[in-house]
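Values in this text are rule-based calculations from the coordinates and carry no lab data. Note that this is a predicted model, so its numbers are computed, not measured. Here the Cβ positions follow ideal geometry from the backbone for every residue, glycine too, while neighbour counts run over all protein chains shown.
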Amino acid sequence: MALRSSYRTPFSDRSIAVSGTGIRLTFKLFASFLSVAVFLLLALSFLFTSSSDPSDLSVGNSHDLYRGGLRRSVLALKSDPLKPRLDQIKKQADDHRALALAYASYARKLKLENSKLVRVFAELSRNFTDLISKPSYRTLFDSDGNSMNEPVLRQFEKEVKERIKVTRQVVAEAKESFDNQLKIQKLKDTIFAVNEQLTKAKKQGAFSSLIAAKSIPKSVHCLAMKLMEERIAHPDKYTDDRNTPPEFEDPNLYHYAIFSDNVLAASVVVNSAVKHSKDPSKHVFHVVTDKMNLGAMQVMFKMKDYNGAFIEVKSVEDYKFLNSSYVPVLKQLESAKLQQFYFENKLENATKDATNMKFRNPKYLSILNHIRFYLPELYPKLHRILFLDDDIVVQKDLTGLWKIDMDGKVNGAVETCFGSFHRYAQYMNFSHPLIKEKFNPKACAWAYGMNFFDLDAWRREKLTEEYHYWQSLNENRTLWKLGTLPPGLITFYSTTKPLDKSWHVLGLGYNPSISMDEINNAAVVHFNGNMKPWLDIAMNQFRPLWTKYVDYENEYVQACNFGL
């Protein structure tokens, strides 16, 4: 068996040799093929790399590779043509020129015309315009992409980029300053708009306040109607005595003049004066009203005993001399222009002049307001008289006024000036030559409301004629606006005797800061201003000073629910 295994024939050895030779030949062929493949791959890679270099392949028009000295690669021609490139450069230049113009416009809007930045941005804008307008660069815009001079284009691009760089630097430096100035300007615009709204609101508020101040409360109107109803129901009970009581003309008594169309207010004046008088039987009150309120006034003052005080109630129409041929105010009221000024008192007209809005009220031409200038003729037998407004309250006995030496003066009044306030210049038009010639603009003003008049001195000085003269000159409201204080200041100029301030404390109708000590020490307190004590808008801290003299026991006052 072993002998059989080790036995080999010649034929088998030859087969093994041939098989080993075939394997070596196949390996050599594979190695050769791989080497050739790697070589070809490297050669091909090198070929593509060298062909992508623009310096090796140049193009021209048709078959010519060189034209006008311009050499460009095939790849560059396809990816970056000159015409779009020029358009892009020009667009950048136009955008930055517009940016410079925008900043210059902002600077002008922000009122920076004198600043350096405005000039710089204007110059930058001009530089872009001048650059594009150069003849050498204008040819670029007139040619097509194939005939364009690339060196010129490159120079144009270089100059544009330099200007863009400068523009951006200036914008970056100025941005903070411009932002601050813009914020300041916006804030100013906002403040101005708010001020306009505030002014408009103040005017509308003043007009609304004026309406509230001049309107008649329901309870006061009710009282007048109830009293008038009583007057009509019992005419015999309230007829006037045909014989005038001698006390009405007795110059030895203390006489008061009260001119009012407010029944309740007039009654409070009389109630407070009588209560504080030492001997009411020596006091005579002359109440003058209009024809519409005459009946109500008569009933009101006849329903109560005033501790012996005398009360005369008359209508302004009872004084026949008060007519348009004698009284300038009544004559002026017949003027169509004046009627239009007063009675077409619309909101848009009234708010044009908020300062003097209140003077558009027709009451300032009412004869009840101007009748105070005719006291010597109303009471020809009297020597002295005390004038009281219907919005005052008497807190002390006033007979001491009749003991004051008037030093030949006509009007005893409390002066209201302090510092530069309440001087004649505030009430009259000193640009008018007549006013400027006759009066001192720094002269101290005084107050109406409680005025003690020496009627004999008045007649001697002929002051009613003086009043007529100036009132006639002021028909067109060129000397003063309206009201009774300016003509009073003029009429009694240099004939007014200052009284101690404790006689008359003013401002309870508009000034909440008046001290109670000053009020308690006053003989008369005056609710001058819009916040009258009988209105809902009255100041609560001062209103009790007035309401405590309202006759709440009166059945008609109770029926009208006054004060509720």
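Neighbours of SER472 by Cβ distance under 13 Å: Lys/Arg scored +1, Asp/Glu scored -1, total -1. Extension gain, LYS188 to ASP87, is 32.1 nm, computed as 0.36 nm per intervening residue step minus the present C-alpha separation.
Provide the net charge surrounding LYS158, with neighbours chosen by a C-beta distance below 15 Å and charges set as Lys +1, Arg +1, Asp -1, Glu -1. Could you put the intermediate results ahead of the total?
On the way: positive: ARG85, LYS90, LYS134, ARG154, LYS161, ARG163, LYS165; negative: GLU150, GLU157, GLU159, GLU162.
With Lys, Arg at +1 and Asp, Glu at -1, the neighbours total +3.
Rounded to the nearest Hz, the phi-derived 3J(HN,Hα) couplings of the stretch 264-278 under the Karplus curve 6.51 cos²θ - 1.76 cosθ + 1.60 (θ = phi - 60°) are 5, 5, 4, 5, 5, 4, 5, 4, 5, 5, 5, 4, 9, 7, 6, where x marks glycine and proline.
Test of the criteria: in the stretch 363-402, which trypsin sites (Lys or Arg not before Pro) are in a DSSP loop and have at most 16 other Cβ atoms within 10 angstrom of their Cβ?
On the way: sites: LYS363, ARG372, LYS381, ARG384, LYS396; in loops: LYS381, LYS396.
When the trypsin sites (Lys or Arg not before Pro) of the stretch 363-402 are filtered for loop state and at most 16 Cβ neighbours within 10 Å, LYS381, LYS396 remain.
Here the gap between MET539 and LEU485, fully extended at 0.36 nm per residue and compared with their Cα-Cα distance, gives a gain of 17.0 nm.
Extension gain GLU162-ASN243, at 0.36 nm per residue separation less the Cα-Cα distance, in nm?
Full extension of this stretch gives 18.0 nm more.
So if R0 is 45 Å, what FRET efficiency would ASP456 and ALA559 give, r being the distance between their Cβ atoms, rounded to the nearest 0.05?
Numbers: r = 46 Å, r/R0 = 1.02.
That pair, ASP456 with ALA559, gives E of 0.50.
So which chymotrypsin sites (Phe, Trp or Tyr not before Pro) in the stretch 494-564 end up in coil per DSSP with only 16 or fewer other C-beta atoms within 10 Å? Counting only loop positions with at most 16 other Cβ atoms within 10 Å, the chymotrypsin sites (Phe, Trp or Tyr not before Pro) in the stretch 494-564 are TYR510, TYR552.
Can you check what the Kirkwood hydrodynamic radius comes to for the stretch 396-520, Cα pairs only, in Å to one decimal? Taking every pair of different Cα atoms in the stretch 396-520, averaging 1/r and inverting gives 15.8 Å. As a calculated quantity, the FRET efficiency between LYS202 and ARG108 at R0 = 41 Å, using C-beta atoms, amounts to about 0.75. Starting from 0 in steps of 10 Å, tell me what percent of the Cα-Cα pairs of the stretch 471-564 lands in each bin. The distribution over the stretch 471-564 is 13, 30, 29, 21, 7, given as percents.
Using the alpha-carbon positions of the stretch 389-438, Rg (one decimal) and Dmax (whole number) come out as 16.1, 44 Å. Restricting to Cα atoms and excluding each atom paired with itself, what does the Kirkwood estimate give for the stretch 126-225 in Å? Roughly 20.6 Å, rounded to one decimal. Close amide H partners of ASN528, meaning residues 5 or more places away or on another chain with modelled amide H under 5 Å apart, are GLY507, LEU508, GLY509. For the stretch 241-325, the calculated P(r), taken from all Cα-Cα distances in 10 Å bins from zero up to the bin holding the longest distance, is 16, 50, 29, 4, 0 percent.
Among the trypsin sites (Lys or Arg not before Pro) found in the stretch 397-446, those both in a DSSP coil and sparsely packed, with 12 or fewer other Cβ atoms within 10 Å of their Cβ, are LYS442.
A compact globular protein would have a Cα radius of gyration near 2.2 N^0.38 Å; the ratio found for the stretch 159-207 is 2.13. Annotation: amide H of ILE311 within the under-5 Å range of PHE285, sequence separation 5 or more or interchain, hydrogens built in the peptide plane.
In the neighborhood of ASN429, defined by Cβ-to-Cβ distances under 13 Å, what is the net charge if each Lys or Arg adds +1 and each Asp or Glu adds -1?
Every neighbour counted, the sum reads +3.
In this rough spin-label picture, where each label sits 7 Å from Cα along the Cβ direction, the ASP551-GLN426 distance is 3.8 nm.
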